[in-house]
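Visitor: This structure is in structure tokens; I'll ask about it shortly.
The values are calculated or read from the model by the stated rules, or taken from the named source; none is laboratory data. Keep in mind that this is a model prediction, so the values were computed, not measured. Cβ placement follows ideal geometry from the backbone for every residue including glycine, while neighbour counts extend to all protein chains displayed.
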């Protein structure tokens, strides 16, 4: 069981990056804040056991995967467009325009692709994570991440082709 006295420190340490991740995916919306908060509720209720010895990577991976899944669920329900003005600064050299383009494709592809492909696309293309980082969060190999992104790209190319003709 999580020690209740450790949770406030975990919240303070991780809320800013998790909030930023949600805003990258959903824009500066109430939904982004709600999803960030919901992730911490779920962390408290059913996340990995938190102690002073729990690795930062374990907690961050769990929060990233949980917020990615919550964001996908929200996008599937809302299919909302986000403007470049709503996006926040991105890590890993990903420009706001690149993230906006990737996110727009993700929204259009939501009905067409599998959840694991969407998760990989959000983590790599929107959050700017490397393949090894995404593999750790998704608990799969780097090769699997590459395959998921290849399938996502095939669906994306097919969608672009359909819209251009």
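Visitor: With 15, 35 as the choices, which residue is buried (at least 16 other Cβ atoms within 10 Å of the Cβ) and either within 15 Å of the chain's Cα centre (by Cα) or without any contact (Cβ under 8 Å) to a residue 40 or more places away in the chain (or both)?
Guide: The unique qualifying residue is 35.
Visitor: For region 125-134, give me each residue that is crowded, with 21+ Cβ neighbours inside 10 Å and part of a helix (DSSP H, G or I).
Guide: 125, 126, 134 - these are the residues of region 125-134 that are crowded, with 21+ Cβ neighbours inside 10 Å and part of a helix (DSSP H, G or I).
Visitor: On to the next question. Of all residues in region 66-84, count the ones that are crowded, with 20+ Cβ neighbours inside 10 Å and at pLDDT below 70.
Guide: So the answer is 1.
Visitor: Which one of these does residue 63 not meet: (1) modelled with pLDDT of 85 or more; (2) surrounded by 16 or more Cβ atoms within 10 Å (Cβ to Cβ); (3) not in a helix (DSSP H, G or I)?
Guide: Here residue 63 meets the rest and fails (3).
Visitor: Ok, one more. Output yes when any residue across region 51-60 is in contact (Cβ under 8 Å) with a residue 40 or more places away in the chain, under 15 Å from the mean Cα position of the chain (by Cα) and crowded, with 17+ Cβ neighbours inside 10 Å, and no when none is.
Guide: Scanning region 51-60 turns up at least one residue that is in contact (Cβ under 8 Å) with a residue 40 or more places away in the chain, under 15 Å from the mean Cα position of the chain (by Cα) and crowded, with 17+ Cβ neighbours inside 10 Å.
Visitor: If the requirement is being buried (at least 20 other Cβ atoms within 10 Å of the Cβ), within 16 Å of the chain's Cα centre (by Cα) and at pLDDT below 75, which of these qualifies: 87, 118?
Guide: The unique qualifying residue is 87.
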